[in-house]
Amino acid sequence: MAHASFNGLRVLSLESRRAMEVAKLIRTYDGEPLVVPAMREVPASSNRQVFEFAECLMRSDFDLVVFLTGVGVRALLNIVETKYDREAFLAALRSVKVACRGPKPSSVLKELKVPITVSAPEPCTWREMLSCLDSEFGKSLKQLRVAVQEYGASNPELLSALTEKSRQVTKVPVYQWALPDDLQPLRECVLGIANGSIDVALFLTAVQVIHLFLVAEQMGQVEELRRGLESVAVLSIGPTTTEELRHYGITPDFEPSHPKMGFLVNEAAQYAGSLLEAKRGRKTPGPVAIEKTSVMRAAPSTPAMAGFRSGLAAFDFLHEISSRIAAADAFHAVLDRIVEFVSTVIPCDSCFVYVLEQDKLVMRASKNPHADVVDHLGVKLGQGITGWVAKHREPVAIASNAANDPRFQVFRNLPEDHFEAILCVPILCASKVVGVFTLQHRDAYQHSQQEVRLLSMIGYLVGAEIERARLEDENVELSDRLETRISVDRAKGILQRDLGTNEAEAYRMMQRESRQRRKSMREIAEAILLSDELKTMRSIAPERLQKN
């Protein structure tokens with residue numbers, strides 16, 4: 001098993017949004033980080049296209065909306081609600097088919113309670129997105145009117161393919177990528193690569209590549225940069241970034257087994273040293289677990305996060321898992337981060353988190369995209385292996401032939417149900433079950449006692465977060481109901497006073513307004529209260545003028 005350590009190598013990252021996080025990861029694996037943001041996010045030059053999209057969506061002029069980034073979803077909503085009613089827009093969005101390019105936009109849409117029809121699997125490029133749309137809609141795609149939320153720059157390949165396959169395509173630019181205001185750090189990066197003071201270069205987006213070479217072109221140093229990269233371990237997050245590197249004549253040394261920052265840094269720490277020595281002519285490369293593809297990719301069987309098993313201190317492990325739980329994210333986002341973490345610590349083909357709600361386990365997070373079952377699939381206590389674990393509060397580890405276990409039950413809408421091995425561990429809080437972790441493997445897999453205990457420990461930590469979130473949701477719901485009751489009662493009193501009606505008739509009047517205007521009772525009540533306050537202010541104003 002390769003030990004994940006940079007052993008003091010100088011590692012360059014051009015990350016902007018997560019600069020502190022990537023620097024911390026590099027230090028965790030004994031690297032010397034040089035993190036220089038290569039881009040900054042700026043609003044689109046005009047919000048006209050976003051407003052036009054919102055108007056058309058609320059007129060039912062679209063059949064399918066494709067979201068490419070989580071940040072793009074939030075930015076789009078922030079712009080829309082400056083002109084239109086937020087809930088009206090979200091209601092329109094919930095009425096159409098929605099497709100996502102991977103887990104980040106999916107996570108944001110789950111928070112907004114927007115159903116997701118299609119979610120592209122890893123490596124989450126435009127090709128996977130297009131393949132999913134073809135699989136889901138087939139020939140009917142030709143009849144759909146499609147809107148595509150863009151990020152940073154247009155994706156001409158996706159737009160061109162969708163134009164051919166669908167009835168109509170509308171692009172919705174939300175934000176754009178620009179060079180940083182201060183270009184000096186990027187200039188120093190170009191010179192550092194050219195003179196050999198950088199050992200490893202991590203590229204997490206295609207825009208980072210474009211901006212690095214753009215600055216080099218301004219400096220007249222493109223050839224020097226290209227020659228310098230030939231002696232650097234160049235790592236690409238995935239196919240789209242690899243394509244951009246190749247456009248500039250650079251073939252990356254490999255892509256990570258999964259297109260995520262944590263995998264990239266971990267696998268870079270494992271293999272960059274031997275790759276670097278081979279590139280600089282010191283020795284032939286040692287054995288590296290690599291998939292043979294057009295660009296080498298770390299094999300999925302690679303013990304990802306090996307540092308946690310072979311050298312990282314227990315304190316660092318606890319800090320990592322605790323930080324994921326303590327992050328100020330929505331509950332779904334926390335669970336998604338936990339699933340990602342568990343999947344890196346214990347290699348598996350699928351990982352689910354079920355949360356106990358009343359007498360049923362509801363799937364709330366999944367390693368693989370399952371838009372149709374996450375938040376919908378329910379398992380009764382005692383049903384299947386997962387239900388048995390929740391009922392008996394005991395872990396179950398089956399190394400092979402899991403389908404032959406008498407507790408096994410097939411869930412037909414889960415493709416991962418065709419598996420060989422399974423590990424199920426209860427999630428506990430105050431000695432009661434609040435959920436279940438379920439890990440599955442397509443091939444036989446012998447879970448070690450350490451892995452079972454590790455997942456159980458994560459379960460204890462996650463259990464407290466699940467219970468806290470449940471109580472918080474209950475408090476918010478109770479508080480909202482109480483505030484609604486108070487507002488409605490006050491509004492009824494105003495109607496009784498002004499219209500000379502009784503309480504029951506006042507309530508029925510509010511109900512009629514709620515149905516006709518498609519507004520909640522609370523919104524109708526607050527409108528009545530606001531109107532009454534304005535009348536009071538208008539009646540007071542003349543008296544103040546007379547006194548003055």
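Once you treat every alpha carbon in segment 433-537 as an equal point and sum by Debye, what is log10 I(q)/I(0) at q = 0.15, 0.18, 0.19, 0.25 Å⁻¹?
-0.73, -0.91, -0.97, -1.28
Taking the square root of 5 times each eigenvalue of the Cα gyration tensor, what semi-axes in Å does the equivalent ellipsoid of segment 147-258 have, largest first?
30, 17, 11
A 24 angstrom limit on the alpha carbon distance is what I want to check against. Which of LYS113/LYS360; LYS104/LYS380; LYS113/LYS367 exceed it?
Those over the limit are LYS104/LYS380.
Return the lysines within reach of LYS492: Cα separation strictly under 21 angstrom, same-chain partners fewer than 8 residues apart disregarded; answer none if there are no such residues.
LYS519, LYS535
Keeping every protein chain present and rolling a 1.4 Å probe, give me the accessible area per residue for segment 388-468 in Å².
Accessible area per residue: 51 Å².
Collect residues whose amide H, placed 1.01 Å from N in the peptide plane, falls under 5 Å from the amide H of VAL169; neighbours closer than 5 in sequence don't count.
Here the answer is VAL146, since their amide H atoms fall under 5 Å of that of VAL169.
Can you order the peptides 525-535, 466-476 by their average number of other Cβ atoms within 10 Å per residue, highest first?
Sorting 525-535, 466-476 by mean packing, highest first, produces 525-535, 466-476.
Apply the Debye scattering formula to segment 64-206, with a single equal point scatterer on each alpha-carbon and no solvent, then give log10 I(q)/I(0) at q = 0.12, 0.18, 0.19 Å⁻¹.
So the normalised log intensities work out to -0.58, -1.04, -1.12.
Can you classify segment 209-266 as rounded, prolate or oblate using the Cα gyration tensor, where a ≥ b ≥ c are the square roots of its eigenvalues, rounded means a/c under 1.5, and otherwise it's prolate if a/b beats b/c and oblate if not?
prolate
Once neighbouring chains are kept in place and the probe is 1.4 Å, which whole percent of the accessible area of segment 12-114 is contributed by carbon and sulfur?
Answer for segment 12-114: carbon and sulfur cover 52 percent of the accessible area.
If the convex hull of the alpha-carbon atoms of segment 72-132 is projected onto planes in all directions, what is the mean projected area in square nanometres?
Mean shadow area of the hull around the Cα atoms is 4.1 nm².
Just to verify a number: what accessible area does TYR354 come out at with the full protein assembly present, 1.4 Å probe, Å² rounded to tens?
Approximately 10 Å² of TYR354 is accessible to the 1.4 Å probe.
Tell me, what HN-Hα J-couplings in whole Hz come from the Karplus equation 6.51 cos²θ - 1.76 cosθ + 1.60 at θ = phi - 60° for each residue of segment 11-17, using x for Gly and Pro?
10, 9, 10, 9, 5, 10, 4
Give me the net charge for the shell around LEU381: Cβ to Cβ below 13 angstrom, other residues only, Lys and Arg +1, Asp and Glu -1.
With Lys, Arg at +1 and Asp, Glu at -1, the net is +4.
Of ALA525, ILE494, VAL452, which is farthest towards the positive pole of segment 435-548's charge dipole, taken about the Cα centre with +1 and -1 on the beta-carbons of Lys, Arg and Asp, Glu respectively?
It is ILE494.
Using θ = phi - 60° and the Karplus form 6.51 cos²θ - 1.76 cosθ + 1.60, what ³J(HN,Hα) does each residue of segment 50-65 get, whole Hz, x for Gly and Pro?
5, 5, 5, 4, 4, 4, 5, 4, 6, 8, 6, 8, 10, 10, 9, 10
Which whole-number percent is the relative contact order of segment 55-183 (Cα, under 8 Å, 6+ apart)?
Result for segment 55-183 is 27 percent.
Please say if segment 1-149 is rounded, prolate or oblate, where rounded means a/c under 1.5 for a ≥ b ≥ c the square roots of the C-alpha gyration tensor eigenvalues, and otherwise the choice is prolate for a/b larger than b/c and oblate otherwise?
Prolate shape, in that a/c is at least 1.5 and a/b is the bigger ratio.
The values are calculated or read from the model by the stated rules, or taken from the named source; none is laboratory data. This is a predicted model, so every value here is computed, not measured. We place every Cβ from the backbone using ideal geometry, glycine too, and count neighbours over all the protein chains shown. Side chains are part of the model used for accessible areas, which takes the heavy atoms of the whole protein and leaves out ligands, DNA and RNA. Shrake-Rupley method; radii C 1.70, N 1.55, O 1.52, S 1.80 Å.
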